[in-house]
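Okay, structure first, notes after.
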Amino acid sequence: MLRKTDFYIDGQWVPPVAPKELEVINPADEQAYAAISLGGVADVDKAVAAARAAFSRWSATSREERLEYLERLLAEYKARMADMAKAISEEMGAPMKLATQAQAAAGAGHIKSFIRVLKNFTFERPLDERNPQEHIIYEPIGVCGLITPWNWPMNQVTLKVVPAVAAGCTVVLKPSEIAPMSSILFAEIMDAAGFPAGVFNMVNGDGPTVGEAMSRHPGIDMMSFTGSTRAGTAVTKAAADTVKRVTLELGGKSPNIVFADSDLADAVARGAAHCFENTGQSCNAPTRMLVERSVYGKAVDIAADYAKQCKVGNPAEDGDHIGPLSSAVQFEKVQNLIDAGIKEGARLAAGGLGRPDGFNRGYFVRPTVFADVSNDMRIAQEEVFGPVLAMIPFDSEDDAIEIANDTPYGLAAYVQSGDKERLRRVSKALRAGMVQLNGADRAPGSPFGGYKQSGLGREGGKWGLEDFLEVKAVSGWE
């Protein structure tokens with residue numbers, strides 16, 4: 001069994017203050033393959049002390065110095081890409097093709113993007129042409145506590161660590177204890193890149209212990225959290241006493257509006273594929289497909305056929321299949337919500353309860369499509385976080401917008417139509433932080449984040465850098 005029981009604090013791998021081990025489970029076979037340590041308050045204290053001691057010197061480094069470190073980070077990350085993909089596949093079940101081309105690749109992509117942002121960011125400028133004596137300065141906020149999830153581990157780690165250190169902040173990272181191995185590898189990469197001691201620190205642990213200690217810690221100036229809305233609420237409450245900045249990237253129940261004038265076969269199949277990608281474990285997955293009633297029946301057939309043909313397989317193998325869910329807890333949650341959909345009267349068009357044929361172990365689930373869903377059902381309101389698509393008919397553009405916005409979330413939305421004016425009109429009416437039209441990809445450096453209970457702040461690009469900066473106004477600047 002692989003043993004990675006030390007934490008990375010002040011430039012060194014150190015044992016926990018109080019030993020408490022946790023087995024890491026491979027979701028494909030339900031077997032433990034590694035062991036980590038769960039940290040405590042004392043470990044957080046050590047990491048925060050190291051970050052605070054390093055902050056004054058790191059925050060004073062020049063843009064050029066920080067760019068050199070980031071360039072070395074990118075080179076080291078690229079050199080370990082194969083190892084990173086394997087770690088992600090083993091810890092959370094992403095098939096190797098997805099783990100390599102999307103999961104691990106996302107980390108390299110974000111590092112590149114933030115290098116470009118840092119090169120071009122204006123840290124000091126006059127207020128405006130009329131007031132050149134008023135000087136605006138962007139300064140690093142301080143020590144940042146970062147909590148990342150298990151579903152896209154390197155996507156989220158690099159979206160937090162890289163802009164924070166690029167801004168001149170020092171950090172304490174707590175990755176998910178369900179999928180910690182990729183973050184341990186990332187800590188090795190940070191060390192190999194030569195970042196000064198204390199700039200980057202990592203403590204493994206669970207949310208109620210390490211996450212809570214970080215959120216409450218008076219030595220941490222900012223918390224950046226990605227995960228469930230419930231856990232994000234807990235972070236916010238714990239951070240309130242010290243009035244630290246909190247940024248949150250939380251859940252979603254994203255609508256995918258399919259109008260009759262779209263290329264129906266392509267739109268529906270593409271939407272189902274996106275819903276099932278990463279075994280449905282993406283916060284921005286288009287899990288509610290709203291279809292114009294005149295083509296609704298045909299759309300249900302297309303989606304059901306796609307689900308029935310969607311392959312489920314061993315994540316260690318290459319291919320276009322989907323893998324297992326990440327954990328036993330997630331498996332039970334998805335099974336319970338599929339059962340709720342059946343009991344609430346939605347029509348099961350494909351999939352359903354239990355494992356796919358041929359699987360008697362592992363957290364594998366059947367790609368599932370529910371038709372005739374009403375938007376008040378649990379499967380339409382709750383984030384399933386599995387390969388489960390809820391299909392809802394609508395009668396008019398206004399009806400579609402009303403259903404789409406009838407959710408506590410507002411992370412992403414998708415619109416499919418052959419009418420350009422309609423696409424623009426509907427995208428403006430949707431209460432979501434990101435809207436993708438007719439399958440368009442999101443551009444590198446585009447802000448990621450949402451409205452309502454989907455979070456606070458934006459990650460990626462210059463918005464991601466600005467999250468870790470304070471704004472200072474100096475009057476009387478010569």
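Things to note:
- Percent of alpha-carbon pairs separated by more than 35 Å within the chain: 33 percent
- Sequence ranges 315-323, 39-47, ranked by mean other-Cβ count within 10 angstrom, highest first: 39-47, 315-323
- Stretch gain in nm, segment Asp398-Leu67, where the contour uses 0.36 nm per residue and the Cα spacing is subtracted: 114.3 nm
- Length-normalised contact order of the chain in % [C-alpha pairs under 8 Å, at least 6 apart]: 19 percent
- With R₀ fixed at 45 Å, the C-beta to C-beta distance from Asn360 to Asp301 puts the FRET efficiency at about 0.90.
- Angle between the chain longest axis and helix 41-59 axis [Cα atoms, degrees, rounded to 10]: 70 degrees
- Cut-off 14 Å between beta-carbons: net charge of the residues surrounding Val246, Lys and Arg +1, Asp and Glu -1: 0
- For a modelled paramagnetic label at Asn120, 7 Å from Cα along Cα-to-Cβ, the residues of the stretch 439-478 in reach, with backbone nitrogen under 15 Å, are 443-447, 460-466.
- Residue-wise HN-Hα couplings along the stretch 108-124, as the Karplus relation 6.51 cos²θ - 1.76 cosθ + 1.60 with θ = phi - 60° gives them from phi, are 4, x, 5, 4, 4, 4, 6, 4, 4, 4, 5, 4, 10, 6, 9, 7, 9 Hz; Gly and Pro carry x.
- Cleavage-rule hits (trypsin sites (Lys or Arg not before Pro)) in the stretch 209-296: DSSP loop, at most 14 neighbouring Cβ within 10 angstrom: none
- Crossing angle, helix 181-192 versus the chain [Cα axis fit, 0-90 degrees, rounded to tens]: 30 degrees
- Least to most buried among Met391, Met214 (fewest other Cβ within 10 Å first): Met391, Met214
- Dmax and Rg, reported as Rg then Dmax, of the stretch 402-478 (C-alpha, Å): 16.5, 56
- Helix axis angle, 420-429 relative to the chain longest principal axis, alpha carbon, degrees: 60 degrees
- Rounded to two decimals, the Cα-based Rg/Rh of the stretch 255-444, with Kirkwood Rh, is 0.95.
- Listed by chain and number, the aspartates and glutamates whose C-alpha is less than 14 Å from the C-alpha of Lys46, apart from same-chain residues fewer than 8 away, are Asp6, Asp10.
- Given +1 at the Cβ of Lys and Arg, -1 at the Cβ of Asp and Glu and no other charges, the dipole of the chain around its Cα centre is 240 debye to the nearest 20.
Only the coordinates and a few stated rules stand behind these numbers; no lab work does. Computed from a predicted model, the values in this text were never measured in an experiment. Reconstructed Cβ throughout: ideal geometry from the backbone, glycine too, with neighbour counts over all protein chains shown.
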